[in-house]
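First comes the structure, then the notes that go with it.
The values are calculated or read from the model by the stated rules, or taken from the named source; none is laboratory data. Just so it is clear, the structure is predicted and the values come from calculations on it, not from any experiment. Note: ideal-geometry Cβ built from the backbone for every residue, glycine included; neighbour counts use all protein chains shown. Surface accessibility is based on the protein's heavy atoms, side chains included, excluding ligands, DNA and RNA. Shrake-Rupley method; radii C 1.70, N 1.55, O 1.52, S 1.80 Å.
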Amino acid sequence: MEKHAYTAKMDVPSVTQGCPKLVELQQKNNLSNEYIYMDYNATTPMEREVMQTITDAMQEAWGNPSSSYAPGRNAKELIDWAREAIAQMVGGHPEDIIFTSGGTEANNLVIHTAVKYFWDHQRHLAPKDGRVDLGGIVQVLPHIITSNVEHDSVHLVVENLVKEGKAKATFLPISKVTGCIQVDDVIAAIGPSTCLISIMLANNETGVLMPIAEMSQRVKIVNHQRGKQTPKILLHTDAAQALGKLQVDVQDLGVDYLTVVGHKVKHHPCRHVDIFLNC
């Protein structure tokens, strides 16, 4: 049995009052047999301490954090505390933490930000006729490099950009031997219009760790060699499956963007939030 195998029937305070559907579900759970929950890569059950923290926040810090009255100031103080705690957890800076509604939104934000960055770079360099020459190619599309084992919140977004004619993409296969992306393949796929490389840190199906730190060092060398006519290559890693299971430090990884999700971190009081980190 897994170290963190979890018995589904919990001794938790009732929160079903006022919601008939929750009462019905609770009754079903009471009648059902206990089962072992082991799908921690999908989500984690919530600890009592986390429930209490969330409940306290709803009672004491329910105000608009932009307001000047006490509940608003409490909310602002609590948000700032959470931002600092998360920054410390991943080796980042509080001002770089952006909260989103979930990991899917965070990954979308990274990808669309990179595409916008590419076009901003193009407009900055463009002469009056709006045409930019990148290595003899005129009006190229932003190019994204990713793997063929990414989460749908990355894979489908990039795929959709390609279908809409808004980007080009290279979906690299992983090694059949190691299950890992090959850094040499990533570097070889870089072109004049490459603006983003998005590779997950830990695979949600196999647990294989991708060589993000090595990739970062290689990409930095390429960026140093690129001229001003070509955009900087941004590096993103989706670390949703890594946080809470191994040390995640943006400085060590050397990435520009790191996305993590709170609901996969069982014991963290900020587990109800998802984060987008711009390093």
(message) Looking at Asp39 and the list (1) closer than 22 Å to Gly102 by Cβ; (2) at pLDDT below 80; (3) surrounded by fewer than 11 Cβ atoms within 10 Å (Cβ to Cβ), which single condition is not satisfied?
(response) (2)
(message) Just checking, does the stretch 207-221 include any residue being at pLDDT 95 or above, touching a helix residue (DSSP H, G or I) at 6+ places or on another chain (Cβ under 8 Å), assigned to a loop (DSSP other than H, G, I, E, B) and among the aliphatic types (A, V, I, L, M)?
(response) no
(request) Would you point out the residue of the stretch 247-271, among those that are under 19 Å from Asp39 (Cβ atoms) and not basic (Lys, Arg), that is modelled with the highest pLDDT? (result) Val260
(message) Could you check the stretch 224-249 and list, in sequence order, the residues that are farther than 16 Å from Val154 by Cβ and open to solvent by less than 40 Å² (accessible area, probe 1.4 Å)?
(response) Thr230, Pro231, Ile233, Leu243, Val248, Asp249
(request) With respect to Ser68, determine if the residue is of a type in the set (Gly, Ala, Ser), more than 25 Å from Lys264 (Cβ to Cβ), out of contact with any helix residue (DSSP H, G or I) (no Cβ under 6 Å at 6 or more places or on another chain) and at pLDDT below 90. (result) no
(message) List the residue pairs whose Cβ atoms are under 6 Å apart, where the first residue sits in the stretch 171-200 and is under 17 Å from Ile212 (Cβ atoms), the second is open to solvent by 50 Å² or more (accessible area, probe 1.4 Å) and of a type in the set (D, E, K, R), and the two are 6 or more positions apart or on different chains.
(response) Leu172/Asp185; Val183/Glu214; Val183/Arg218; Ile187/Arg218
(request) Within the stretch 42-59, track down each residue that is out of contact with any Leu (no Cβ under 9 Å at 6 or more places or on another chain) and either part of a loop (DSSP other than H, G, I, E, B) or open to solvent by less than 90 Å² (accessible area, probe 1.4 Å) (or both). (result) Ala42, Thr43, Thr44, Pro45, Met46, Glu47, Val50, Met51, Thr53, Ile54, Thr55, Asp56
(request) State yes or no: is Lys76 closer than 28 Å to Gln251 by Cα and free of Cβ contacts under 8 Å to residues at least 40 places away in the same chain? (result) yes
(message) Just the residues that are part of a loop (DSSP other than H, G, I, E, B) and out of contact with any His (no Cβ under 8 Å at 6 or more places or on another chain), please, taken from the stretch 233-256.
(response) Ile233, Ala239, Gln241, Ala242, Lys245, Gln247, Val248, Asp249, Gly254
(request) Could you tell me whether Ala189 is touching a strand residue (DSSP E or B) at 6+ places or on another chain (Cβ under 7 Å) and crowded, with 20+ Cβ neighbours inside 10 Å? (result) no
(request) Have a look at Ala82, Ala75 and point out the one that is in contact with a Cys (Cβ under 7 Å, 6 or more places away or on another chain), crowded, with 16+ Cβ neighbours inside 10 Å and aliphatic (A, V, I, L, M). (result) Ala82
(request) Residue by residue through the stretch 60-100, note down the ones that are assigned to a loop (DSSP other than H, G, I, E, B) and touching a strand residue (DSSP E or B) at 6+ places or on another chain (Cβ under 7 Å). (result) Gly92
(request) Among the residues of the stretch 164-221, count how many are of a type in the set (Gly, Ala, Ser) and touching an Asp or Glu at 6+ places or on another chain (Cβ under 8 Å). (result) 3
